[in-house]
């Protein structure tokens, strides 16, 4: 397998792009793809400061690396979820800290959920409310990311979601025909309310195997443990289904995601039939929620407290 | 496994309905389900005559059997496609004729494509136009079904498509986000033009394993050969993907299809951005097509003639 650009030994083939690249040209190609994605969806500019949500995994650290290389102003955010199994959260944190240190001390904010809120993610499983761990954890992370982005005045929060992540969520939403999610899922979630931060996904055009290959070739040291709670996650099943599809028909995963974005842009979906209720402030934390009520994050915390009593 | 209705030995479990039934109660349940589907989508009434498109397979013969049992006025239509491999078309025809004879000589129309049009389906492969065999064959069948239904003045053409068929097509349309297909795919295709017959799919709420079980328990003699051209059909791959999904999450296949119909009914999709061109008559055969042109069927036949020259 030869590099299509220099004829050297290719380290990766990307059939959906009909492209084979050597290490050097692959490391140059990935940031170009990301830059194109950032511009295509008008995610942010070089004059703005972006908060990069990093988990210590290959995707988010690759994202941070690429944004730095592209000359964007970035700060990191690591949320320590308090997952003690195999020291998952602390090991992940050390990878993030080492990354920031290796780049000459990048600005990095760390939110320790257990220290700041008194409880960690594992406690969520004890409330017996049946809310799935992963969805509760997602809620907690969104809440904290939004709080930090809002307090720090960042132009956007960038997350490391790749095309496989986005396609898996899209498949899930499609299999249930969840209109409100289908209307919203996008590379950019606009700040639709003054209290909500803008969210962007600059890796959304890259396959997971490409972000993985980038991290390896670039010798980024990332946490290789999987979150102990994610093992049975439905998302993993959907990713496998999509990979099966990809093996049957090269590029099918990319086509599924990109043709969705295109069809929606061209007006496939009718506007939401009922307009969303006016947002106000959560009476406990002040984050946007239905006016006068507790936000989902504060309700979750309240449920844990009631469970303890 | 016990029958939920009589406690006898169940012959089938249908997890998506949380239902186990013995042979007797299953044979009673299937027509009830079909009757409910016919009424739910207002497919046709007992005062109307329905043309049942039969291939000799388990689905279409079961459909005919059920419609007779439910007391509907039916006539059969068998299209002999001229597929000689393993005598596929002739064997299928004999199954259909035997079925009609066994029911006291049901009215049955037979269209022999090779005899009436001079060429069979296998000749389609020779034009080298790259049109896939299955899609060309579908075109031919739709053309003939429409012609016969129109000449005979039937209220509707009923086909044996089951939920697996419909879900597979839906998955295909969804993976490519083909808006015009997503807006149209339905248990009833209305006669949107005077020259177009109404089409209905009374088995669309039944899983393929249920129509197969019905045919077996009811001892319907059907052709067990698969069409020699369908072996590598993409539809089969999508059916396998959906069965994998079903094994992971019982009822997922049904939910995918039914929640699609519901979401669309509730206005998920915006109207087609451009209205379809006004239909006129094909200048060769008179069937509906863009005014003044040849319809796709006649163009296909023309291509075969040009190829022979």
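The values are calculated or read from the model by the stated rules, or taken from the named source; none is laboratory data. Keep in mind that this is a model prediction, so the values were computed, not measured. All Cβ positions, even for glycine, are placed from backbone atoms using ideal geometry, and neighbour counts span all protein chains on display.
In the set B:250, B:264, B:283, which member is touching a residue at least 40 places away in the same chain (Cβ under 8 Å) and more than 12 Å from chain A (Cβ to nearest Cβ)? Don't jump to the end; show me each part of the working.
Details: B:264 fails: more than 12 Å from chain A (Cβ to nearest Cβ); B:283 fails: touching a residue at least 40 places away in the same chain (Cβ under 8 Å).
Sole residue among the options that is touching a residue at least 40 places away in the same chain (Cβ under 8 Å) and more than 12 Å from chain A (Cβ to nearest Cβ): B:250.
May I ask you to list the residues in region A:134-154 that are part of a loop (DSSP other than H, G, I, E, B) and in contact with a helix residue (DSSP H, G or I) (Cβ under 9 Å, 6 or more places away or on another chain)? Break it down stepwise before answering.
Residues of region A:134-154 that are part of a loop (DSSP other than H, G, I, E, B), as a first pass: A:153-154.
Matches in region A:134-154: A:154 only.
Scan region A:3-23 for residues that are in contact with a strand residue (DSSP E or B) (Cβ under 7 Å, 6 or more places away or on another chain), without any contact (Cβ under 8 Å) to a residue 24 or more places away in the chain and closer than 17 Å to residue A:208 by Cα and report the count.
3
Working carefully through the options A:237, A:269, A:297, A:222, find the one that is within 14 Å of chain B (Cβ to nearest Cβ) and in contact (Cβ under 8 Å) with a residue 60 or more places away in the chain. Let's see the steps before the verdict.
Numbers: A:237 fails: in contact (Cβ under 8 Å) with a residue 60 or more places away in the chain; A:297 fails: within 14 Å of chain B (Cβ to nearest Cβ); A:222 fails: within 14 Å of chain B (Cβ to nearest Cβ).
Answer to the selection: A:269.
What residue, of B:226, B:219, B:246, B:272, is modelled with pLDDT under 95 and either within 27 Å of residue B:33 (Cα to Cα) or outside the structural domain of residue B:182 (by TED's automatic domain parsing) (or both)?
B:226
Pick from region A:97-107 the residues that are assigned to a helix (DSSP H, G or I) and over 18 Å from residue A:216 (Cβ atoms): which of them is farthest from the chain's Cα centre (by Cα)? Outline the logic, then answer.
From region A:97-107, those assigned to a helix (DSSP H, G or I) are A:97-102; that's our starting set.
Next, from what is left, pick out any that are over 18 Å from residue A:216 (Cβ atoms): A:97, A:100-101.
On the way: A:97: 19, A:100: 19, A:101: 23 Å.
Top of the filtered list is A:101.
Here are some residues: A:148, A:113, A:188. Which one is more than 14 Å from chain B (Cβ to nearest Cβ), surrounded by 21 or more Cβ atoms within 10 Å (Cβ to Cβ) and on the phi < 0 side of the Ramachandran plot?
Details: A:148 fails: surrounded by 21 or more Cβ atoms within 10 Å (Cβ to Cβ); A:188 fails: surrounded by 21 or more Cβ atoms within 10 Å (Cβ to Cβ).
None of the other options fit; the residue is A:113.
Check B:56, B:71 and return the single one that is in a loop (DSSP other than H, G, I, E, B), under 21 Å from residue B:208 (Cβ atoms), assigned by TED's automatic domain parsing to the domain that holds residue B:258 and at pLDDT 95 or above. First the steps, then the outcome.
Working: B:71 fails: under 21 Å from residue B:208 (Cβ atoms).
None of the others qualify; the one that does is B:56.
How many residues are surrounded by fewer than 16 Cβ atoms within 10 Å (Cβ to Cβ) and either part of a loop (DSSP other than H, G, I, E, B) or without any contact (Cβ under 8 Å) to a residue 12 or more places away in the chain (or both) when one looks only at region B:74-89?
Keep residues of region B:74-89 that are surrounded by fewer than 16 Cβ atoms within 10 Å (Cβ to Cβ), which gives B:84-87.
From what's left, either part of a loop (DSSP other than H, G, I, E, B) or without any contact (Cβ under 8 Å) to a residue 12 or more places away in the chain (or both): B:84, B:87.
Of the residues in that region, 2 qualify.
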